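The structure appears right after this line, and notes come after that.
The values are calculated or read from the model by the stated rules, or taken from the named source; none is laboratory data. Keep in mind the model is a prediction, meaning the values are calculated, not measured. Cβ atoms come from the backbone with ideal geometry, glycine included; neighbour counts cover every protein chain shown.
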């Protein structure tokens with residue numbers, strides 16, 4: 001541990017964010033994406049719940065709005081300008097054709113309702129940001145359930161059973177709920193799991209050999225099972241082929257990343273911790289920078305830039321993803337230096353402060 005942060009939790013978040021970048025690149029072989037999507041989103045809900053202090057709803061709302069929703073609105077508006085001038089003019093037909101309503105009204109309705117699907121009344125100009133309001137609402141629901149009193153654990157059990165049943169049956173309705181309520185149901189059990197097991201998870205350590213063995217086991221078994229289940233897409237409310245494999249794969253993937261992070265936590269690299277503590281910035285800006293770094297890579301290797309038919313090998317994917325991750329240091333530095341209000345805080349975070 002650091003003085004006020006847990007190194008391996010930060011490392012786990014950074015690993016998860018890197019995998020999010022990887023999965024958004026077109027690849028020749030989908031096997032890697034099958035594995036990443038089998039746990040990628042649930043990992044962030046799980047790690048967030050490890051730090052949940054079980055505070056009252058009002059305090060959860062206040063802190064969550066400050067640390068999640070203020071960055072969400074700021075980053076959505078910034079990246080909207082990128083979408084409006086660099087993306088929308090070239091793919092307006094994808095959104096139903098060019099119009100003032102589509103370009104200037106629907107994205108802002110989409111920002112308010114948090115809906116990622118293209119609806120008759122809304123769209124999202126930065127799809128990956130759906131995670132932020134979803135986490136905010138999850139924290140509020142969880143805080144409310146904890147506030148029930150003596151029956152809070154019964155309430156948690158019943159609500160989680162409801163979310164599992166909802167996840168299994170709701171795809172038959174073929175519709176979307178506002179504020180990501182449908183997507184939240186898919187990952188809520190993992191937030192609960194993280195909270196109820198946090199005392200054990202935060203303190204357990206099997207040593208280098210034990211942690212390595214668990215990483216190998218969880219990744220190997222998770223990889224095999226994820227190939228059977230297929231591509232999971234939480235934001236489109238798809239658990240792929242088998243709901244049982246969906247839950248098992250999430251647990252295996254989360255455990256694999258956690259023990260891998262614990263394995264490297266003895267090396268508290270302040271540069272990596274700095275990036276890890278700014279994953280919300282990486283999430284917001286990885287889309288634009290992923291496109292730019294992809295074009296740069298294609299120019300360097302002599303490929304045709306912005307080709308819809310291009311698909312990358314696994315090593316090309318890792319190269320571009322790494323370039324994207326480091327490119328996000330640009331907005332990271334600027335925001336931490338000049339626009340801290342966008343992060344809902346007033347204290348500056350520097351490389352030297354990352355270990356404090």
**Message:** Between 161, 145, which is modelled with pLDDT of 95 or more, part of a helix (DSSP H, G or I) and crowded, with 18+ Cβ neighbours inside 10 Å?
**Reply:** 145
**Prompt:** Before we move on, is residue 91 assigned to a helix (DSSP H, G or I), surrounded by 17 or more Cβ atoms within 10 Å (Cβ to Cβ) and out of contact with any strand residue (DSSP E or B) (no Cβ under 9 Å at 6 or more places or on another chain)?
**Reply:** no
**Candidates 77, 14, 19, filtered to the one that is surrounded by fewer than 19 Cβ atoms within 10 Å (Cβ to Cβ) and either at positive phi or at pLDDT 95 or above (or both)** = 77
**Fill in**
With criteria (1) touching a strand residue (DSSP E or B) at 6+ places or on another chain (Cβ under 7 Å); (2) modelled with pLDDT of 90 or more, residue 311 comes up short on (2)
**Prompt:** Which of the following residues is surrounded by 18 or more Cβ atoms within 10 Å (Cβ to Cβ) and out of contact with any strand residue (DSSP E or B) (no Cβ under 9 Å at 6 or more places or on another chain): 155, 255?
**Reply:** 255
**Request:** With the condition kept exactly as written, say whether any residue in the stretch 202-212 is touching a helix residue (DSSP H, G or I) at 6+ places or on another chain (Cβ under 7 Å), at pLDDT 90 or above and under 27 Å from residue 233 (Cβ atoms).
**Result:** no
**Item:** Criterion violated by residue 200 - all others in (1) exposed (fewer than 15 other Cβ atoms within 10 Å of the Cβ); (2) within 24 Å of the chain's Cα centre (by Cα); (3) in contact (Cβ under 8 Å) with a residue 12 or more places away in the chain satisfied
**Value:** (3)
**Message:** Going through 170, 179, 188, 217 one at a time, which residue ends up being surrounded by 13 or more Cβ atoms within 10 Å (Cβ to Cβ), on the phi > 0 side of the Ramachandran plot and either assigned to a helix (DSSP H, G or I) or at pLDDT below 95 (or both)?
**Reply:** 179
**Asked** Within the stretch 260-276, restricting attention to residues that are crowded, with 19+ Cβ neighbours inside 10 Å and under 19 Å from the mean Cα position of the chain (by Cα), which residue is farthest from residue 136 (Cα to Cα)?
**Response** 260
**Unmet requirement for residue 106, which otherwise passes all of (1) touching a residue at least 12 places away in the same chain (Cβ under 8 Å); (2) within 28 Å of residue 314 (Cβ to Cβ)** = (2)
